[in-house]
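Worksheet: one structure, shown below.
Read-outs: derived from the displayed coordinates by stated rules, not from any lab. Remember, predicted model here, so these are calculated numbers, not experimental data. No Cβ is skipped: glycine too gets one built from the backbone with ideal geometry, and neighbour counts run over all protein chains shown.
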Amino acid sequence: MAYEAASTRYDIMNFRRSGKSGLKLPEISLGLWHNFGDEGSLKNQRAILRRAFDMGVTHFDLANNYGIPAGSAESHFGEVLASDFKPYRDEMVISSKAGYFMWDGPYGEWGSRKYLISSLDQSLSRMGLDYVDIFYSHRPDPNTPIEETMGALASVVQQGKALYVGISSYTPEQTMAAKKELDRLGVPLLIHQPRYSMFDRTIERSGLLYTLDEIGAGCIVFSPLAQGLLTDRYLKGIPKDSRAALGEHLKSSSISDTYLERVRGLSAIAEARGQTLAQMALLWTLRNPGVTSALIGASSVKQLEDNLAAIHGPEFEPEELDAIDVFAVHGTESGK
């Protein structure tokens, strides 16, 4: 049966402008980092993507290395785009990134012009697109001049392969350097994608949020649930299929007594607010007007719906934020 988007899709979601640009993003965006490659079911992936769009999620965030094997998330998304979303392409913001390892040899990762442009061409082919809306430098390259990396980003805009460009995991100083070079080339720096959660408050401590406000760039945060630590998933032990058990992106040592004490404290505050811990943690990242959007993953339609409900939670009272700060300790994600 042909997919037809819900007529109510824009009645549910709130949108925020990305910095000083004209682009608005949903307060919660869907990231395809996990569960959307060959490791997942295309049927389930299609159901999640359809439901997300029906609920006003217009931004889908990918990267060249997402999925198992790398690149398969873009391929699967391309299938759903062709079968379901093609009539709605102009209502969607689709992003991709390049920076991490993709192929053997000296041109398969980091930030050279050769790698970035080759990678984007491959991403466009996998997704069946003529352009992406946002293309990111996925991580700073310590050995490639910032002028070359930003020059490649400017080129893909000038070539019509991307409408906007962004950066991810850059320090405030690196962000300023990237902005300066892009300004020289006449291409705006739209957005920065850093890690941010109650347990990783680096962007507050480093001054990155202030820097982004100063230069007029947006901020879309990844891992707002700290790889699942800011949920009730680990309160009764480490499930065999969890990220902590697998140890790839989260170490089992993170599930310490200190962590459990903090997450139980946060859970109690969330319960008093009528929210799950995950919902409160998502809304907490959005409490700062400098944050444009929070990126979530999803393994099921129900999980997606539960997390999207976060934006309809009550605003934080000052005393609630003070209580949260007692347990929202930077470094908890790494077992501190």
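Observations
- If R0 is 41 Å, the Cβ-Cβ spacing of A268 and E173 corresponds to a FRET efficiency of close to 0.55.
- Potential lengthening between K86 and Q158 on full extension [0.36 nm per residue; Cα-Cα distance subtracted]: 23.5 nm
- Once you reduce the stretch 95-135 and the stretch 6-74 to the center of their Cα atoms, the two points are 19 Å from each other.
- Max mean-square fluctuation residue, GNM over the chain, Cα-Cα springs under 10 Å, options V187, V165, V57: V187
- Magnitude of the charge dipole for the stretch 1-79, about its Cα centre and with charges confined to Cβ atoms of Lys, Arg (+1) and Asp, Glu (-1), is about 360 debye.
- Restricting the calculation to alpha carbons of the stretch 135-219 gives Rg and Dmax of 12.5, 40 angstrom.
- Overall form of the stretch 30-152 per C-alpha gyration tensor (a/c, 1.5; a/b vs b/c): prolate
- Estimated FRET transfer efficiency (V326, N14; beta-carbon r; R0 22 Å; 0.05): 0.20
- Taking N as its residue count, the alpha carbon Rg of the stretch 174-224 over 2.2 N^0.38 Å: 1.18
- Using the Cβ-Cβ distance between D257 and E39 with R0 = 30 Å, the FRET efficiency computed as 1/(1 + (r/R0)^6) comes to roughly 0.40.
- Rough spin-label spacing in nm, given labels placed 7 Å along Cα→Cβ, for S299 and E204: 2.9 nm
- From the C-alpha gyration tensor of the chain, square roots of 5λ in Å: 30, 24, 20
- Annotation: the residues W110, W103, sorted from fewest to most other C-beta atoms within 10 Å of their own C-beta, follow the order W103, W110.
- Each Lys and Arg contributes +1 and each Asp and Glu -1, all at the Cβ; summed about the Cα centre of the stretch 83-184, the dipole is approximately 40 debye.
- Cβ-based exposure ranking for I191, I94, in which fewest neighbours within 10 Å come first: I94, I191
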